[in-house]
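This report refers to the structure that appears directly beneath it.
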Amino acid sequence: MQELIKVQVEGDQQLVSARDLYKGLEIKKQFTDWVKQNFKEFEENTDFVFSPVSVNMPNGGVKQKSDYALTIDMAKQLCLLSRTEKGKQYRKYLIEVEKKWNDPAEIVKRGYAILQDENNHLRIENEKMKPKAIFADAVSTSKTTILIGQLAKILRGNGVNIGQNRLFAWLREHGYLIKKSGRLWNTPTQHSIDKGWFKVREKASSNPDGSTYVTYTTMVTGEGQKYFINKLLNSEQLELV
């Protein structure tokens with residue numbers, strides 16, 4: 001896959017430069033105007049952070065130019081907002097980047113890297129550890145929250161016959177998610193939040209009539225990933241999940 005835009009990793013999160021994306025999408029308006037128009041729908045320090053860059057000047061000086069580090073999710077949405085062929089091309093590329101990032105093998109690889117950084121003297125004796133335990137421990141080191149659908153893909157890639165809808169149903173049935181219909185349906189129960197297994201991402205949006213509404217997205221924390229992976233990978237009744 002040919003690289004269209006440089007992707008950096010900070011704190012186990014993939015980020016792209018707003019200026020790089022702006023240039024790649026061939027936006028005609030000024031960078032500052034583009035930012036002012038499009039960033040108002042996103043949350044600073046969650047979807048993007050201010051990240052100025054230094055530019056060498058012909059006279060030997062250095063100039064600071066404004067830039068922002070964007071999450072992959074925000075970058076994909078900006079591609080859609082561009083409504084251009086370039087936007088479609090870059091969004092497709094970012095989807096592939098994200099898909100590779102969430103591949104179970106890549107998650108395990110990052111988990112090992114984090115373990116090595118935290119304790120260079122720690123040695124894992126592979127012959128004494130079950131592959132499932134190694135996988136779950138690696139995932140638990142992640143500081144990145146993931147969607148329940150992504151957790152289902154990880155589980156399925158490791159032998160659990162389950163998809164997104166069935167995992168949601170299982171979590172509701174076992175008291176991890178709210179089963180009562182309404183705007184809080186499929187959000188975590190208070191017990192699950194207190195245990196640190198889930199977080200809720202809230203997003204306010206506007207209706208055409210000017211009124212606002214809030215949507216809730218349930219995210220699985222690193223600790224939650226470890227808990228459910230251990231629970232479901234070691235289940236003796238996987239066919240009932």
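So is L155 under 17 Å from N102 (Cα atoms) and surrounded by 15 or more Cβ atoms within 10 Å (Cβ to Cβ) or not? The answer is yes for L155. When each of A136, A152 is tested for being modelled with pLDDT under 85, hydrophobic (A, V, I, L, M, F, W, C) and assigned to a helix (DSSP H, G or I), the lone residue that passes is A136. When P208 is tested against (1) part of a helix (DSSP H, G or I); (2) more than 30 Å from V9 (Cα to Cα); (3) open to solvent by 30 Å² or more (accessible area, probe 1.4 Å), just one condition goes unmet, and that condition is (1).
The values are calculated or read from the model by the stated rules, or taken from the named source; none is laboratory data. All values derive from a computational prediction rather than experimental measurement. We place every Cβ from the backbone using ideal geometry, glycine too, and count neighbours over all the protein chains shown. Remember, those area values only see protein heavy atoms, side chains included, never the ligands or the DNA or RNA. Shrake-Rupley method; radii C 1.70, N 1.55, O 1.52, S 1.80 Å.
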